[in-house]
Amino acid sequence: MQRFLEFVSNHPVLWSLLIILVVAWAFVELRARARGSVNLGTFEFTRELNSGNALLIDLRPGADFDKGHIRGARHLTPSQVDAGGRDLLKHKDSAVLVYCQNGITSVDVAERLLKAGYAKVYSLKGGIAAWIQDQLPLERGKSR
């Protein structure tokens, strides 16, 4: 314990940065939970995807979508999601699953969909990068 306290007193900048990062992380997590968006890991995301009539949206650029996407995904940009449309409105009462490259854009889009009145919106925690890291399958092909 003595060595720990000595380390803390010798490196106040490191400890200050650690505290700031922990507080920032907690703020982001609490804000997302308060708004109702749910960040799911790959296992939960897959379970929700397989559970029924969910709409799966890939928010990445079209070229990235063509290189590889989750099977059944529909490519839409965040602005296209904001614009809505008949196809998107059909899923207002069912699950909408969104993902991007690293999970940051998808959380923002999920929050906007919840504010627009969508009932169940889920974002893939870590984005497609987490999906690939967990060695889950991708489908290649043109945007649909």
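Computed from the coordinates by the stated procedures, all read-outs in this text should not be read as laboratory data. A quick note: this is a predicted structure, and the numbers were derived from the prediction, not measured. Every residue, glycine among them, receives a Cβ derived from its backbone with ideal geometry; neighbour counts consider all protein chains shown.
With helices as the sole contributors, the chain gives -15500 deg cm²/dmol at 222 nm; each DSSP H run of n ≥ 4 counts as -39500 (n - 2.57), and the sum is divided by every residue. Percent antiparallel among DSSP beta bridges with both residues in region 1-140, to the nearest 5? Bridges in region 1-140 are about 5 percent antiparallel. Across region 92-109, rounded Karplus estimates of 3J(HN,Hα) from the backbone phi angles (6.51 cos²θ - 1.76 cosθ + 1.60, θ = phi - 60°) give 4, 9, 10, 6, 10, 10, 10, 8, 9, 6, 10, x, 8, 4, 5, 5, 4, 5 Hz, Gly and Pro being marked x. Between Gln101 and Lys115, the contour length at 0.36 nm per residue exceeds the alpha carbon distance by 2.8 nm.
Net charge in the neighbourhood of Tyr118 (other residues with Cβ under 10 Å of its Cβ; Lys, Arg +1, Asp, Glu -1) is +3.
If the segment from Ala24 to Lys90 were pulled out straight at 0.36 nm per residue, it would be longer than the present Cα-Cα gap by 20.1 nm. Close Lys pairs in the chain (alpha-carbon distance under 17 Å; sequence gap of 8 or more, or different chains): 5. Taking packing as the residue-averaged number of other Cβ atoms within 10 angstrom, the listed peptides 98-107, 56-65 run from highest to lowest as 98-107, 56-65. Computed from backbone phi, the HN-Hα couplings of region 122-129 come to 10, 10, 7, 5, x, x, 5, 4 Hz, rounded to whole numbers (Karplus: 6.51 cos²θ - 1.76 cosθ + 1.60, θ = phi - 60°; Gly and Pro given as x).
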